[in-house]
Each structure stands twice: as C-alpha cells, then as structure tokens.
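The structure under discussion appears below in the form of structure tokens.
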Amino acid sequence: AVMQTSRSKPCSCPSFKLREVASLYFCMIMLFLIILMAALQGSVPRRNDFPYKVPLDPKGLLELSWNVSYPEQVVHFQLFVRHLQFGFLFGMSDRGEFENADLAVLWSDGHNSYFGDAWSDAKGQLHMDSQQDYQLLGARKAPKGLYLLFRRPFSTCDPKDYLIEDGTVHLIYGILEEPVHSLQAINISAIPKGLQRVQLLKPNITIPELPSDRKTMEITAPDIVIPSQETTYWCYMAELPDGFPKHHIIMYEPVITAGNEALVHHMEVFQCAAEFDSFPRYNGPCDSKMKPDRLNYCRHVLAAWAMGAQAFYYPEEAGLAFGGPGSSRYLRLEIHYHNPLVFQGRHDSSGIRLYYTATLRPYDAGIMELGLVYTPVMAIPPGEDSFILTGYCTDKCTQLALPAAGIRIFASQLHTHLAGRKVVTVLSRDGREWQVVNADGHYSPHFQEIRMLKEVVAVFPGDELITTCTYNTEDRSRATVVSAGPSSSAHLGLVCGLHSGSGYPQVWHFSCPRFNDEEVCMCPQVSVPQQFYSVPWNTFNRDVLKSLYGFAPISMHCNKSSAVRFPGEWEKQPLPTITERLREPVPHCPPAPGHQPAAPIPVNLGELRRD
C-alpha cells in the first residue's frame with residue numbers, strides 16, 4: 001500500500017512503505033437510623049450484599065459500593081462518607097463534567113438535612129428533578145462515618161437523567177464543606193470535586209472453582225516511593241524461575257498496599273518477547289530516559305486490572321499459558337499511579353497475584369488483536385467532534401485463520417489512545433450484523449481493563465469482526481496519526497488489523513491539488529505525518545478524507561501470533577458489505593412510581609458542624 005500527495009512541481013514522490021507495529025485497557029453497627037420506608041420493588045440490600053467497591057476521592061473520604069440487579073434493572077448503591085461535613089454530590093455525566101450532570105445530593109444547613117435527585121444545566125447550576133429516580137433506601141451511622149443507601153434504575157426515560165449502559169461510567173462527586181440553605185445555593189465551582197471511572201454493570205457470571213493444585217505468584221513493586229506528581233507510570237522487571245515449565249494462569253487479582261487504594265489507578269503484567277535471551281533489570285518510571293529500550297519488547301498481556309475491577313477468572317476449560325519452551329522468563333509490571341493531591345513519601349508494593357496450575361486445561365487461551373495497525377496513513381483531522389475509523393477482520397481472514405470448530409471470545413479489552421471516545425466490535429455473518437462483542441459508548445483511554453463478557457461469543461470461519469472507533473480532536477490544532485483496537489481473549493493467537501490500501505493514494509493524489517491552492521512539492525524527505533500537517537483542514541478536505549476511509553480498498557494484516565501474515569493476497573481487499581444492521585437497543589422504562597412532588601426528602605442526621 002502507498003501514500004502520496006500532490007505533485008505540483010516536477011519532482012518524484014515515490015510511495016511510502018507502511019511499517020507494521022503490533023498493538024496491542026469493590027462493625028459492627030453502633031446505631032441504625034431508618035430515615036425512609038417506601039414501597040419499593042425488591043428489598044433493601046444488606047451491607048455485605050455490595051460486592052463492588054471503589055474509592056471516589058484521593059483522600060478516601062467517599063467510598064462507593066454497589067450491586068447490580070438485572071431482573072429489576074437497577075443498581076443499588078452504598079456510599080460511605082467518612083467525616084461527614086455538610087453533605088455531598090454524587091452522580092454521573094457523559095465524560096465526568098459537572099455540567100449537564102445527573103446527581104444525587106445530600107445537603108444540610110447545619111440543623112436540617114435533605115436528600116434529592118437533581119440535575120445541572122449547561123452552566124453548572126443545580127435544579128431539583130421533577131422525576132425523583134435516585135430513591136433513598138436508608139442510612140446508618142457508624143463510628144467512622146455515615147452509610148447512605150439508595151438505588152437507581154438503569155434507564156428512567158427522564159431526559160435529565162443519565163442512561164446507565166454497559167461499559168465505562170464516569171462518576172462525579174463533590175464535598176460540601178460549608179452549610180447550605182437550599183439546593184440552588186450550592187456553588188459547584190467552589191467545592192472540592194472530582195471524578196472516578198468504573199464499569200457499573202458488571203456481568204452476572206458464575207465464578208469457576210479453582211483446582212486443588214493451584215499455586216500463586218505475586219508480581220509486585222519492590223517497596224517503591226510513589227513520585228510526588230499527579231501521573232506516574234512505573235515499570236518493574238521480574239523473572240520466572242529458571243526452567244519454569246508450561247503452566248496455565250487460571251485467575252488473577254490485584255494486590256494493593258493498604259492506604260494506597262485511591263492512588264493505584266490501573267496495573268498490567270506483560271510478558272517479554274521470547275526472541276531475546278535476556279532483559280535488563282529495571283525499576284523506575286516508564287518514561288525515564290534510563291529505561292532500557294529492550295523493555296519495549298515486553299508487550300504480551302498476561303494480566304490487566306483497573307480500579308473498581310474484581311478478580312479475573314478464566315473459563316474452566318481454558319487457561320493462559322506461560323512458561324515452557326518458546327516462552328520468555330521475563331515479565332514487566334506496569335503501574336499507573338494517579339496522585340492528584342501530590343502526596344509525598346508514600347511507599348507502595350502493589351501489583352498482581354497470579355493463580356496458576358501445572359495441570360493444563362484443554363485449551364490455551366490466546367489474544368486476538370482487532371482494529372487498526374499502527375501506521376501514519378491513518379489520520380484524523382484536527383477540530384473533529386466525532387471522527388470515525390473502522391477496522392475489519394474479514395471473512396477471508398477468519399476462513400483461513402480460525403479452526404473449523406471456531407473460537408469462543410469470553411473477555412475483551414478495548415484500547416485507543418487519548419483521542420478515543422467510543423469503541424464497538426460487532427460480529428458479522430453472511431453480510432448481516434449478528435452480535436455486539438463489546439461496546440463502550442463512554443470509553444476513556446484512562447480506564448482500560450480486561451472485561452468479562454456477559455455472553456461468550458462464538459466466532460466461526462467466514463465470520464467478520466468489525467471494530468469501529470470514534471475520536472474527538474476538538475482540542476488539537478493539527479492532524480492526529482492514529483491507531484486503535486480492542487484485544488479479545490480467545491482460544492488462538494491472531495492479529496487481524498488493517499490500514500487503507502492502495503486504492504487510497506490515487507484518490508488522495510487527484511484531490512491534493514484542490515487541497516492546496518499554492519504549489520507545494522511533497523518529496524520523499526517529507527514524512528507522511530508532515531504531509532497531513534500541511535493540509536488546510538477545511539470542510540471539503542475533511543469530507544474527502546472521510547469518504548476515502550469509507551470506500552478505499554484495504555490492506556489486511558491477517559497475521560499469525562508470530563506477526564507473520566498467513567499465506568494469501570491481502571492487498572487491495574474490498575471493504576466487507578453489510579446488508580443488515582443490528583437494531584439500536586430501546587431503553588426500558590420502569591413503571592412510573594406515581595406522582596411525587598419535586599421536593600427534597602428530609603433526613604434526620606442531627607446537628608452537623610464544621611470540623
């Protein structure tokens with residue numbers, strides 16, 4: 001495949017070769033005070049009925065626990081408030097903004113306290129919602145703070161409410177440090193606030209029983225001092241024992257140093273490339289100039305965890321192989337520390353605990369990479385609200401690469417770089433969209449985890465897997481060179497990526513004279529990104545590029561796990577034809593609870609005072 005721009009002067013502009021890079025994202029009760037009894041569908045959950053937990057703020061003042069009821073289509077929340085002052089805000093918004101947000105608010109004037117369902121407008125002003133869908137269930141005081149229980153349906157069909165969907169949810173919070181006399185008197189801009197990302201709708205799957213011969217191995221940081229800066233990626237090299245035979249990883253879970261739960265944002269364990277006999281020891285920031293370049297060859301994901309995630313279990317019939325011939329002894333632990341309050345002197349030994357067995361299961365689990373190959377030919381203009389790029393794993397590739405019995409996808413990790421906003425992978429069969437594999441309509445590149453799927457997806461030879469990524473470049477002044485795609489755990493190793501094929505440059509060639517009124521000679525010494533940067537991105541230019549990505553032939557990277565392509569002709573491949581699309585899901589509206597005045601609920605919390 002090639003890439004060219006216009007030639008307004010007599011100079012040669014040969015094709016640029018594409019360079020593939022394999023790519024790889026939860027006392028006792030001293031006092032119990034019932035403050036609300038209402039006719040609700042389902043009972044009030046017990047305190048130990050909340051399996052998922054996440055700290056909301058860096059100081060640990062707010063801790064959220066929750067459970068999911070799929071039969072009732074509701075989420076039950078338990079919010080623990082340590083050192084309650086004059087209330088809090090908790091809610092959800094599209095990407096963590098406090099404007100146009102859906103909120104549950106507890107506020108007090110020091111004598112009287114109230115709870116209500118509210119929303120914020122485009123200026124951040126709070127309003128009581130006419131439909132009270134955050135339903136308060138109860139509260140209890142304990143020596144350490146206040147426990148508040150409430151629930152919220154997935155969908156309310158209230159235009160002021162957030163639709164809780166599969167994928168990432170941006171939770172927002174605010175702490176009221178001063179007494180307020182009304183909801184409208186709360187000034188969001190003047191209070192401590194923040195956001196936390198979680199997957200609220202966890203899949204309801206059965207946890208498999210672990211074998212009796214299981215062993216554990218902890219890959220943890222060696223008592224490091226967390227840097228006193230907001231964001232740090234820390235890398236640490238570990239080794240398997242000499243002669244370590246093949247085993248199956250069957251489960252893994254986080255190991256978080258006590259007190260650092262709000263600082264350890266996410267962690268991954270990578271296995272290094274087997275082609276190298278050794279890797280240097282390293283313990284330091286991943287972006288340090290002192291980090292050896294060879295560590296860049298440690299990219300095979302063994303485990304990935306993000307804040308709010310629980311332990312990850314492999315299906316009973318499969319395990320992730322590590323150790324043995326053809327497998328590297330060297331592992332790289334990467335920890336993302338999020339330290340917005342810039343704490344100093346915090347020691348940390350967090351990491352991931354692997355559970356593994358020498359009794360190999362029937363199947364080796366593997367990684368299938370889908371999406372777009374790293375290449376400068378794929379680019380996004382600046383100032384785009386939602387620019388779409390699509391990657392195809394074609395029927396021709398799956399026909400050749402998959403076993404006759406097909407594969408089963410049971411988990412998926414979505415991945416884009418910073419401009420990514422939405423990602424979806426769809427299974428297509430015989431030209432018809434058949435099933436959504438994984439989707440995240442509120443995707444954040446700052447929250448990437450391997451997620452169990454609610455349903456195992458069967459993929460057979462001849463099926464197509466189509467990954468669509470939506471990007472936002474409104475904050476950028478020049479074109480963005482891009483690549484993206486999820487990696488899905490399945491029973492094989494395969495890379496199925498693409499870039500625009502050789503039909504692309506001819507169209508670009510004829511369009512370039514219209515892109516640039518002045519004469520510009522684009523010669524080989526000018527890189528492809530520089531050529532994109534030189535284009536004046538007016539409406540016409542943007543439309544031309546979008547249309548090119550919509551019909552140009554593609555270059556398929558139908559690769560084995562060794563990164564070598566399967567035999568066959570993979571250049572100038574036509575885009576798959578989709579004749580029938582999946583219907584958009586229709587939100588379920590719960591029965592109206594009857595007329596309820598848009599008024600806050602009084603809560604008896606006694607006198608509240610400043611600390």
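The values are calculated or read from the model by the stated rules, or taken from the named source; none is laboratory data. Here the structure is a predicted model, which is why all the values come from computation and not from measurement. Cβ: placed from backbone, ideal geometry, glycine included. Neighbour counts: every protein chain shown. Please note that ligands, DNA and RNA were not included when accessible areas were found on the heavy atoms of the full protein model with its side chains. Shrake-Rupley method; radii C 1.70, N 1.55, O 1.52, S 1.80 Å.
Is it the case that region 207-215 has a residue that's open to solvent by 70 Å² or more (accessible area, probe 1.4 Å), within 24 Å of the chain's Cα centre (by Cα) and not basic (Lys, Arg)?
For region 207-215, residues open to solvent by 70 Å² or more (accessible area, probe 1.4 Å), within 24 Å of the chain's Cα centre (by Cα) and not basic (Lys, Arg): present.
Taking only pairs six or more apart or across chains, which ones have beta-carbon atoms under 7 Å, a first residue in region 245-257 that is assigned by the TED database to the domain that holds ALA311, and a second residue that is assigned to a strand (DSSP E or B) and among the β-branched types (Val, Ile, Thr)?
HIS247/THR357; HIS248/THR357; ILE250/THR357; TYR252/ILE352; PRO254/ILE352; VAL255/THR220; VAL255/ILE352; ILE256/VAL264
With the structure loaded, tell me whether GLU63 is part of a strand (DSSP E or B), outside the structural domain of VAL264 (by the TED database) and open to solvent by 10 Å² or more (accessible area, probe 1.4 Å) or whether it fails that test.
Considered against the rule, which asks whether it is part of a strand (DSSP E or B), outside the structural domain of VAL264 (by the TED database) and open to solvent by 10 Å² or more (accessible area, probe 1.4 Å), GLU63 comes out as yes.
Take the residues in region 549-574 that are in contact with a strand residue (DSSP E or B) (Cβ under 7 Å, 6 or more places away or on another chain) and of a type in the set (A, V, I, L, M); name whichever of them is most open to solvent (accessible area, probe 1.4 Å).
ALA563
Of everything in region 216-231, what is surrounded by fewer than 13 Cβ atoms within 10 Å (Cβ to Cβ) and part of a loop (DSSP other than H, G, I, E, B)? Give them in sequence order.
PRO222, ASP223, GLN229, GLU230
Which residues, taken from region 97-106, are farther than 13 Å from ILE186 by Cα and open to solvent by 10 Å² or more (accessible area, probe 1.4 Å)?
Those that are farther than 13 Å from ILE186 by Cα and open to solvent by 10 Å² or more (accessible area, probe 1.4 Å): GLU97, GLU99, ASN100.
Does GLU369 satisfy the criteria of being of a type in the set (D, E, K, R), at pLDDT below 95 and buried (at least 17 other Cβ atoms within 10 Å of the Cβ)?
For GLU369, the condition - of a type in the set (D, E, K, R), at pLDDT below 95 and buried (at least 17 other Cβ atoms within 10 Å of the Cβ) - is met.
Of (1) open to solvent by 70 Å² or more (accessible area, probe 1.4 Å); (2) part of a loop (DSSP other than H, G, I, E, B); (3) at pLDDT 95 or above, GLY243 satisfies all except one. Which?
(3)
Please note which strands (runs of 3 or more DSSP E) are completely contained in region 107-206 and include at least 3 residues that are open to solvent by 10 Å² or more (accessible area, probe 1.4 Å) and out of contact with any Ser or Thr (no Cβ under 6 Å at 6 or more places or on another chain).
Hits in region 107-206: 135-142, 145-153, 193-198.
Quick grid of which residues meet (1) open to solvent by 40 Å² or more (accessible area, probe 1.4 Å); (2) modelled with pLDDT under 95; (3) closer than 30 Å to PRO208 by Cα:
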| site | (1), (2), (3) |
| --- | --- |
| ILE256 | yes, no, yes |
| ALA262 | no, yes, yes |
| HIS265 | no, yes, yes |
| GLU275 | yes, yes, no |
| HIS300 | yes, yes, yes |
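Would you check if ILE367 is among the β-branched types (Val, Ile, Thr), closer than 30 Å to THR257 by Cα and out of contact with any His (no Cβ under 9 Å at 6 or more places or on another chain)?
no
Is it the case that HIS417 is part of a loop (DSSP other than H, G, I, E, B), in contact with a His (Cβ under 9 Å, 6 or more places away or on another chain) and open to solvent by 20 Å² or more (accessible area, probe 1.4 Å)?
No.
Do we find a residue being modelled with pLDDT under 85, in a helix (DSSP H, G or I), charged (D, E, K, R) and in the same structural domain as SER428 (by the TED database) anywhere in region 506-525?
Yes.
Let's see how each residue does on (1) in a loop (DSSP other than H, G, I, E, B); (2) within 30 Å of PHE86 (Cα to Cα); (3) modelled with pLDDT under 90:
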site: ALA563; (1), (2), (3): yes, no, yes
site: GLU569; (1), (2), (3): yes, no, no
site: LEU582; (1), (2), (3): yes, no, no
site: PRO585; (1), (2), (3): yes, no, yes
site: PRO591; (1), (2), (3): yes, no, yes
site: PRO597; (1), (2), (3): yes, yes, yes
site: LEU605; (1), (2), (3): yes, yes, yes
site: ARG610; (1), (2), (3): yes, yes, yes
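Within 29 Å of the chain's Cα centre (by Cα) and either over 16 Å from VAL603 (Cα atoms) or outside the structural domain of LEU62 (by the TED database) (or both): which single residue out of LYS123, LYS144 fits that description?
Of the residues listed, the single one that is within 29 Å of the chain's Cα centre (by Cα) and either over 16 Å from VAL603 (Cα atoms) or outside the structural domain of LEU62 (by the TED database) (or both) is LYS123.
In region 420-469, which residues are open to solvent by 40 Å² or more (accessible area, probe 1.4 Å) and in contact with a Gly (Cβ under 6 Å, 6 or more places away or on another chain)?
Scanning region 420-469 gives LYS422, PHE460.
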